[in-house]
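**Student:** Sharing a structure here in structure tokens format.
The values are calculated or read from the model by the stated rules, or taken from the named source; none is laboratory data. Computed from a predicted model, the values in this text were never measured in an experiment. Cβ coordinates were reconstructed from backbone atoms using ideal geometry, including for glycine residues, and neighbour counts include every protein chain displayed. Note: areas computed on protein heavy atoms with side chains; ligands, DNA, RNA excluded. Shrake-Rupley method; radii C 1.70, N 1.55, O 1.52, S 1.80 Å.
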Amino acid sequence: MSARHMKITHDDCPVREVLSRVGDKWSILVVAVLRDGSMRFNELRRSIDGISQRMLTLTLRGLERDGLVTRTVTPTTPPRVDYGLTRLGRTLLDPIMALADWAETNRTAIQTSRQRFDETNRPVAHARLTPRKSIRGSRGA
């Protein structure tokens with residue numbers, strides 16, 4: 001069967017499985033920020049505008065679970081926790097940075113296309129075809 005006519009199910013699709021982790025915006029941003037080296041949690045949070053503490057925690061745990069990020073605890077008071085990319089995580093840098101470059105190069109064209117689409121596909125207000133009759137006013141005067 002050709003790839004064009006192949007049915008891809010959820011259970012056996014490696015692309016879907018991997019993209020569910022690395023395809024979300026927070027994972028991409030975390031990997032990109034960690035490209036220059038390990039960072040502490042609050043450094044990461046300050047570097048990624050708009051990410052909440054909870055979302056950063058969930059994203060880091062997922063990336064760690066998938067073997068893309070390491071979590072290193074240094075026994076100090078208070079404990080120091082650093083996050084860094086694993087060797088596997090570093091292999092994501094080329095595709096992620098290529099996507100970032102593509103997005104930067106094409107951002108204006110995409111914004112223009114969105115604006116043109118939105119202008120030609122505005123929602124049409126549904127006008128009533130018949131006037132509404134009042135129950136009280138329908139008896140006649």
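**Student:** Between residues in region 31-58 that are open to solvent by less than 20 Å² (accessible area, probe 1.4 Å) and residues that are assigned to a helix (DSSP H, G or I) and not hydrophobic (A, V, I, L, M, F, W, C), which pairs lie under 6 Å by C-beta distance while being six or more apart or on different chains?
**Tutor:** Close Cβ pairs satisfying both conditions: L56/R45.
**Student:** Run down V73, V33 and say which single residue is closer than 23 Å to A98 by Cβ and among the aliphatic types (A, V, I, L, M). Walk me through it before giving the result.
**Tutor:** Values: V73 fails: closer than 23 Å to A98 by Cβ.
Criteria check complete, one pass: V33.
**Student:** Taking the stated definitions as given, is V73 open to solvent by less than 70 Å² (accessible area, probe 1.4 Å) and of a type in the set (A, V, I, L, M, F, W, C)? Steps first, answer last, please.
**Tutor:** Details: open to solvent by less than 70 Å² (accessible area, probe 1.4 Å): no; of a type in the set (A, V, I, L, M, F, W, C): yes.
No: the conditions fail for V73.
**Student:** Applying the selection to region 19-30, what residues are open to solvent by less than 30 Å² (accessible area, probe 1.4 Å) and hydroxyl-bearing (S, T, Y)? Write out each step before concluding.
**Tutor:** Residues of region 19-30 open to solvent by less than 30 Å² (accessible area, probe 1.4 Å): 22, 27, 30.
Correct list: S27 only.
**Student:** Go through region 28-48 residue by residue and tally those that are within 17 Å of the chain's Cα centre (by Cα), over 15 Å from G84 (Cβ atoms) and modelled with pLDDT of 95 or more.
**Tutor:** The number of residues fulfilling the criteria is 2.
**Student:** Within region 58-104, can you find the residues that are within 14 Å of L44 (Cα to Cα) and either part of a loop (DSSP other than H, G, I, E, B) or aromatic (F, W, Y) (or both)?
**Tutor:** Across region 58-104, the qualifying residue is only Y83.
**Student:** Does region 76-104 hold any residues that are open to solvent by 30 Å² or more (accessible area, probe 1.4 Å) and aromatic (F, W, Y), and which are they?
**Tutor:** Result: W102, single match.
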